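S.K.: Next up is a structure, given as structure tokens.
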Amino acid sequence: MNNPLVSMSVDEGTVRSVLEKQIQAAIVANLGAEEDLIAKAVTMALSMKVTEDGGVSRYSSDNKYDFLEVVTSTAIREAAKKALDQWCKDNAEKVHAAVLKEMRKPSRVNSIAKAFADAAEQSVRAYWTPKVTVAFTPPKD
């Protein structure tokens, strides 16, 4: 008779779990230290080619800019806009006075008057002429 005295079985899920952990550990060990891995990931993410608004297009030809370049440019433009808005608020009266002074110059008065006259002339011109046709049809019995 061939009856085994000892029977041993191992759950497939357990084996799979152990193998996956061993493979993951081997991959991480081959990639290098955690700091190096993180540095590489950050470098890749910041130098990824994107569109001018920071998204990734399906078309590679649209992805012309480094992500870091787009984010930095956007931040600088937003800061500049805030600074200019604040400057305009702080100097609104000076700007207003300078505009009025410029508008009161004889050459500007003539150009403003001409602009008003041209606008009035354009508004009264009829670009469309209506065509009306009246037709009578006899009643049907």
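S.K.: In debye, nearest 20: dipole of the chain around its Cα centre with unit charges on the Cβ of K, R (+) and D, E (-)? Working shown, then result.
M.R.: On the way: 19 positive and 19 negative charges, 266 e Å.
Here the size comes out at about 1280 debye.
S.K.: Now, a different point. Would you be so kind as to identify which of A80, A117, W128 lies farthest towards the positive end of the dipole of the chain, taking Lys and Arg as +1 and Asp and Glu as -1 on Cβ and the Cα centre as origin?
M.R.: A117
S.K.: Scan the chain and note any complete DSSP helix (H) whose C-alpha atoms cover at least 30 Å along its axis and whose Kyte-Doolittle average is -1.0 or more.
M.R.: Details: long enough: 67-90 (35 Å, -0.16).
Sorted by number, the helices that extend far enough and score high enough are 67-90.
S.K.: Here's another thing I want to ask about it. Tell me, which longest segment in the chain has none of the chymotrypsin sites (Phe, Trp or Tyr not before Pro) that fall in DSSP loops with at most 14 further Cβ atoms within 10 Å? It would help to have the intermediate numbers written out before the result.
M.R.: Details: sites that count: Y59, Y127, W128, F136.
The longest uninterrupted stretch comes out as 60-126.
S.K.: Add -39500 (n - 2.57) for each DSSP H run of 4 or more in the chain, then divide by its residues: what number comes out at 222 nm, to the nearest 500 deg cm²/dmol?
M.R.: Details: 5 runs with 88 residues, N = 141.
Helices in the chain give a 222 nm mean residue ellipticity of -21000 deg cm²/dmol.
S.K.: Between (1) 46, 13, 10; (2) 75, 39, 13; (3) 22, 17, 13, which matches semi-axes √(5λ) of the Cα gyration tensor in Å calculated for the structure shown?
M.R.: Computed from the coordinates, semi-axes √(5λ) of the Cα gyration tensor in Å corresponds to (2).
S.K.: Testing the spin-label approximation: label points 7 Å from Cα along Cα→Cβ at A45 and R16. State their distance in nm.
M.R.: Placing both labels 7 Å along Cα→Cβ, they lie 3.1 nm apart.
Laboratory data are not the source of any read-out in this text; all were calculated from the coordinates shown. The shown structure was predicted, so the numbers you read here are calculated from the model rather than taken from an experiment. As a convention, Cβ positions derive from the backbone with ideal geometry for all residues, glycine included, and neighbour counts pool all protein chains shown.
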